[in-house]
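Trainee: I'd like to ask you about the structure that follows.
The values are calculated or read from the model by the stated rules, or taken from the named source; none is laboratory data. A quick note: this is a predicted structure, and the numbers were derived from the prediction, not measured. The protein model used for the area step is the full one, side chains on, heavy atoms only, and it has no ligands, DNA or RNA in it. Shrake-Rupley method; radii C 1.70, N 1.55, O 1.52, S 1.80 Å.
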Amino acid sequence: MATDAEKLTQLKSAVAGLNQISENEKNGFINLVARYLSGEAQHVEWSKIQTPTDEIVVPYDSLAPVPEDPAETKKLLDKLVVLKLNGGLGTTMGCTGPKSVIEVRNGLTFLDLIVIQIENLNAKYGCNVPLLLMNSFNTHDDTSKVHDLISIFGPTEIDILASLLVLTHFQIIEKYSKSNVEIHTFNQSQYPRLCADDFVPLPCKGKTDKDGWYPPGHGDVFPSLMNSGKLDALISQGKEYVFAANSDNLGAIVDLSILSLIMLMYVYNISVTPKTLADVKGGTLISYEGKVQVNEFKSIEKFKIFNTNNLWVNLKAIKRLVEADALKMEIIPNPKEVDGIKVLQLETAAGAAIRFFDHAIGCNVHRSRFLPVKATSDLLLVQSDLYTLADGFVTRNEARKNPANPTIELGPEFKKVGNFLSRFKSIPSIIELDSLKVTGDVWFGANITLKGKVTIAAKSGEKLEIPDGAVLENKEINGPGDL
């Protein structure tokens, strides 16, 4: 059996022959695997872990008010760039393209809402806040296909074809060409999956299509931003800070109070929010040896805050740390299986970089800044009357008295966006809903109201239709007779 040193030597030789990726990507991949094989890990002494104090995780309500002078606000915003992590696919909701082009509300996609928000900001203050999209190779390959179609069919006809194809970089730029927002894209790294048994890159065994590769997590945003040339370009334009967030988090908007905070003396800020029962995947902030860190544990019940992955980071600090190869975040091994072959992909998370930045701080924000859409159950919430839409911002309806959102459980029949939308004539009113659980072949009519605790379960092989105008309050429906 090969030693770790032998595995690494063989791997370097194999990776050198992978012409599909750049030298930067090859080096980054080799370094990541070398760290993994060395057993490098952050050894945490539990006795030193403490709940963060308000000095290192600042309560949002304690932040200074937004400057009243619009000219001062413009100065702040002109130093900012917004970066959305846009490489995720909507596969969990049955989509093949980027998740950010799923329609969220009123025919508008995640990306539409992001652009509208920045448009309004630029128009209100006369500033120039650009938008960067970090895509993955999963969408990059389709770019050339769509670009070819545009040259053949023209921009009008391509709008029709867009519903059948992935919306990609050229379409994005074309779609928002009349916007007052500068939009730039760059790709995160592309790494080969490793065969778990012998540590040979999967593409070296003939698997050269997309299944042979993977994007190494959003921790890759920092070196990718540098390697793309975008980082140096932004710094040369006078930009100082980047606000980075997941494109599917509808609550991740530019906040002037947080921007003012980080402009004071900090180079890195990460937002957290009060933890709920729904927060089962993600990290928390801890105080460790006097510094704030992101950590993920199997049991974090005593920690009441949850990482939103909303980051505010100084651009020059990113450049300095990337050039020094100092961002050695914890490695997340992610085992997979491709065509019966067990493979391993090594990933990192952006939030874990906080411990490498001097003058880093957390901010405990309101729950409204964390509104991710990970499944169709989340889509039901944001498409309902529980939220309102204005100027690109999705905000909670004040008519909802319960501070918590209702819990929604939808069966596999609703998993794909297409199926989900087809099963609702219109989204029910859920302002007074506490919980909803739906299983089986259930179809909803128009103008339905759900209140309290509602369970709807169609019997196997039977279709259950909820009629137009139905009002269901604290009901358990198992058939037409229960309506």
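Trainee: Restricting to bridges with both residues inside the chain, how much of the DSSP beta-bridge set is antiparallel, in percent to the nearest 5?
Mentor: Details: 38 of 82 bridges.
Percent antiparallel among DSSP bridges in the chain is about 45.
Trainee: Can you send over the carbon and sulfur percentage of the accessible area for the chain, probe radius 1.4 Å, protein chains only? Intermediate values should be presented prior to the final figure.
Mentor: On the way: 11830 of 22720 Å².
That fraction is 52 percent.
Trainee: Show me, for segment 15-30, the HN-Hα J-couplings you get by feeding each phi into the Karplus relation (A = 6.51, B = -1.76, C = 1.60, θ = phi - 60°), rounded to Hz, glycine and proline as x.
Mentor: 5, 4, x, 8, 7, 6, 10, 7, 5, 4, 5, 4, 5, x, 5, 4
Trainee: While we're on this one: For the chain, count all C-alpha to C-alpha pairs, find those more than 28 Å apart, and express that count as a whole percent of the total. If you can, show how the numbers build up before the last one.
Mentor: Values: 67564 of 116403 pairs.
Here the tail beyond 28 Å accounts for 58 percent of pairs.
Trainee: Quick one: accessible area per residue over the chain, 1.4 Å probe, rounded to a whole number of Å²?
Mentor: Per-residue accessible area for the chain comes out at 47 Å².
Trainee: Any idea what the relative contact order of the chain is, in percent, if you count C-alpha pairs under 8 Å spaced at least 6 apart?
Mentor: Values: 876 pairs, mean separation 76.0, N = 483.
In percent, rounded to a whole number, it is 16.
Trainee: Further, regarding this structure: Using only Cα atoms, figure out Rg for segment 170-224 and give it as a multiple of 2.2 N^0.38 Å.
Mentor: On the way: Rg = 16.6 Å, N = 55, 2.2 N^0.38 = 10.1 Å.
Rounded to two decimals, the normalised Rg is 1.64.
Trainee: Over segment 320-469, what relative contact order in percent results from Cα pairs under 8 Å that are six or more residues apart? Display every interim value, and only then the final one.
Mentor: Numbers: 211 pairs, mean separation 21.3, N = 150.
Relative contact order for segment 320-469 comes out at 14 percent.
Trainee: What are the ³J(HN,Hα) couplings of segment 123-132, residue after residue, when phi is run through the Karplus curve with 6.51, -1.76, 1.60 and θ = phi - 60°? Round to Hz, x for glycine and proline.
Mentor: Karplus-based 3J(HN,Hα) across segment 123-132 equals 5, 5, 10, x, 9, 10, 9, x, 10, 10 Hz.
Trainee: Can you pull the three principal axis extents for the Cα set of segment 334-483, in Å, largest first?
Mentor: 63, 49, 26
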